[in-house]
Amino acid sequence: MISQVFILSSKGDHLIYKDFRGEAGKDAVNKFYEMVTALTGGQPPVVMKHKELHFVHIRQGGLYWVATTKADASPFTIIEFLNRLTALVKDYCGCLSEKSVQMNFALIYELLDEVVDFGYIQTTSTDILKNFIQTEAVSSKPFSLFDLSNVGLFGADTQQNKVAPSAAATRPIVSSQGEQVKNVSTAGCYGLFLGASGVLMKADIEGEIRVKCYMPSCSEMRIGLNEEFSIGKSQLSGYGAAVRVDECSFHQAVRLDEFDTYRILKVCPSQGEQTVMQYQLCDDLPTAPPFRLFPSIERDSGGRYRTLFIHVPLSLRQSLFSYSAAINVSITIPVPKGSLRLSQELSSPDQSAELQPKNKAVHWEIPRFPGGAQLSALFKLEVSGLSAASLQEVGPVSLSFELPKYTSTGLQIRFLRLSPIQPGPSQRWVRYVTHSDSYTIRI
């Protein structure tokens, strides 16, 4: 039984507040934010308690999604409800962000009225809710074909032209133009641990195929994968390079009668977004890791304080194509706890770096990293009481990044067909993206 649902920004701004039972006052919102910000260290606990009120929250899109309850309710049920609520908001609003929630607050309140009745969860199905939701979503950035630059329509010969921009995957479920939207996203997630010499010590790739379908009716969707796609250690005969994964699982709605022979997934998609396939590959990577770090640490004891120099040249392996530029690259370098000041020399003006004393780390940001390029930085740290033990506090380096138009396993979508053929204008897209989960390099 849910008493309240509210959404807060990362700064504590009240975006959405809904009280279903009147059991707790609105001051519960401020109390929750005080409890979260008062905690030090890592991630705050998902479930917290103040007097008789229980707070259950998740973080999605940089926002706090919170539900409160006074009943002896299962926290796992409420967590699952919050996850489905964020999926609903993403389906209807197009994306999860503070701006999107602010622009679509009326739509979100209407969703909450239909989803929860006097604290009891009714439904979180997009197919059911579409019959009752009347408010139309407001898109923060209208979709336009003129913004696609080098992106082609589905069906082109090259992977580059088959990749849709991020906007194609963040369109709301309600479209004022009456267009029919179908897009397939192939997302991969890197988890790597590299030694100081660049030797791969641990590797794990997890990926999924997501279908986003906003059509009035679609009886069946056929998704063709690589003909050389194999699961496990078995090898498939063929003329192309084999695409292999260790494990693979499918959504219960996926029909696999043509998968073994033709590598075709058949699914009857529901309104909204759903994951039709998940896969995993461990250790035996088909390509080299996308980033290689060449660090060096030099010690200079001159001056009032001893000074530590950290040279961090970062290069992107040439195995990636030039159009597979990484974006939102973030490098975190742990430094000694006595670090006082930072000066840096960066190889391009669009980069930035700062010392975060609270986290004892240097944070280096690169907005865009072209494929095959090498970027470097020289960080000069002033450390109080530098010793040989302080040098051991430097590293390991962790990276986070996003690689559009790139699949870490080589998995690709050959075709996307709908049955029956839908009349009227429609947009069909295939999007590839790879991002980092845990990418760590020893120094």
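The values are calculated or read from the model by the stated rules, or taken from the named source; none is laboratory data. Given the structure is predicted, the values throughout are model-derived calculations rather than measurements. Heads up, the Cβs are rebuilt from the backbone with ideal geometry, glycines too, and the neighbour counts pull from every protein chain shown. Only protein heavy atoms, including side chains, enter the accessible area calculation; ligands, DNA and RNA are left aside. Shrake-Rupley method; radii C 1.70, N 1.55, O 1.52, S 1.80 Å.
Summary of computed values
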| quantity | calculated |
| --- | --- |
| Candidate lysines for bridging to Lys31, where Cα separation is under 28 Å - those fewer than 8 sequence places away on the same chain excluded | Lys11, Lys18, Lys49, Lys51, Lys70, Lys90, Lys99, Lys358 |
| Under 23 Å from the Cα of Lys266 - lysines, other chains or at least 8 residues apart | Lys162, Lys182, Lys212 |
| Fully extended contour minus Cα-Cα distance, from Ser219 to Phe193, at 0.36 nm per residue | 5.0 nm |
| FRET efficiency for Arg368 and Ser296, using Cβ-Cβ distance with R0 set to 25 Å, rounded to 0.05 | 0.45 |
| Förster radius 51 Å - calculated FRET efficiency between Ala388 and Leu112, Cβ distance, rounded to 0.05 | 0.30 |
| Per-pair calculated FRET efficiency, R0 = 22 Å: Met35 and Gln102 via Cβ, rounded to 0.05 | 0.35 |
| Scaled radius of gyration (Cα, divided by 2.2 N^0.38 Å) that region 4-94 gives | 1.03 |
| Set of aspartates and glutamates with alpha-carbon distance to Lys202 below 14 Å, sequence-local pairs under 8 removed | Asp283, Asp284, Asp437 |
| Label-point separation, Asp283 to Asp72 (7 Å along Cα→Cβ), nm | 4.7 |
| Cα-projected label distance for Lys360 with Glu402, points at 7 Å along beta-carbon direction, nm | 3.2 |
| In order through region 431-438: 3J(HN,Hα) via Karplus (6.51 cos²θ - 1.76 cosθ + 1.60), integer Hz, x for Gly, Pro | 10, 10, 8, 10, 9, 9, 10, 8 |
| Amide H partners (placed H, <5 Å) of Gln271, local residues excluded | Asp127 |
| Residue-level accessible surface for Asp113, protein heavy atoms, 1.4 Å, Å² | 80 |
| Cut-off under 5 Å, modelled amide H: who pairs with Ala242 long-range | none |
| Residue-level accessible surface for Asp437, protein heavy atoms, 1.4 Å, Å² | 110 |
| Nonlocal amide H pairs with Arg431, under 5 Å, H built at 1.01 Å | Ala164, Val184, Ser185, Thr186 |
| Residue order for Ser139, Ser100 - accessible surface, 1.4 angstrom probe, largest first | Ser139, Ser100 |
| Sequence-separation-based contact order of region 331-443, relative, with Cα cut under 8 Å and 6+ spacing, percent | 31 |
